[in-house]
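One structure below.
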Amino acid sequence: MSDENGTVLYVIQRRDTQDAWVDVEEVQAQPRSRRRSILQRYVDAAPVAGKYRVLDAESANEFPVELEEQPPRLKIG
């Protein structure tokens, strides 16, 4: 999804000490930009060693999942 300027929102994540991915920055860039280029600009501005990944905003969306309680069913045999 691009905005009116033709840019796309990317989410940069870093792996924390508990091995979970944490969002650290949201970046606007041209569509189909190289992930390495986006990450290089972020790390140059705030250098912290670690494992990173760059996702487009749609890939980084969270989807809540809920379990509904099922009504009891009669099972014979």
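The SER59 and THR17 beta-carbon pair, evaluated with R₀ = 25 Å, returns a calculated FRET efficiency of approximately 0.55. With Cα Rg over 2.2 N^0.38 Å as the read-out, I listed (1) 1.58; (2) 1.69; (3) 1.49; which label goes with the value calculated from this structure? It is the value labelled (2). Given their separation in residues at 0.36 nm each and the Cα-Cα distance between them, LEU67 and LYS51 gain 2.5 nm when the chain is fully extended. Between 0 and 90 degrees, rounded to the nearest ten: what's the tilt of helix 35-45 against the longest Cα principal axis of the chain? Rounded to the nearest ten degrees, it is 70. Can you give the helix-only mean residue ellipticity at 222 nm for the chain, where every DSSP H stretch with n ≥ 4 adds -39500 (n - 2.57) and the sum goes over all residues, rounded to the nearest 500 deg cm²/dmol? Mean residue ellipticity at 222 nm (helix-derived): -5000 deg cm²/dmol.
No value in this document is a laboratory result; all are computed from the given coordinates. Being a predicted model, the structure only gives us computed values, none of them experimental. Cβ atoms come from the backbone with ideal geometry, glycine included; neighbour counts cover every protein chain shown.
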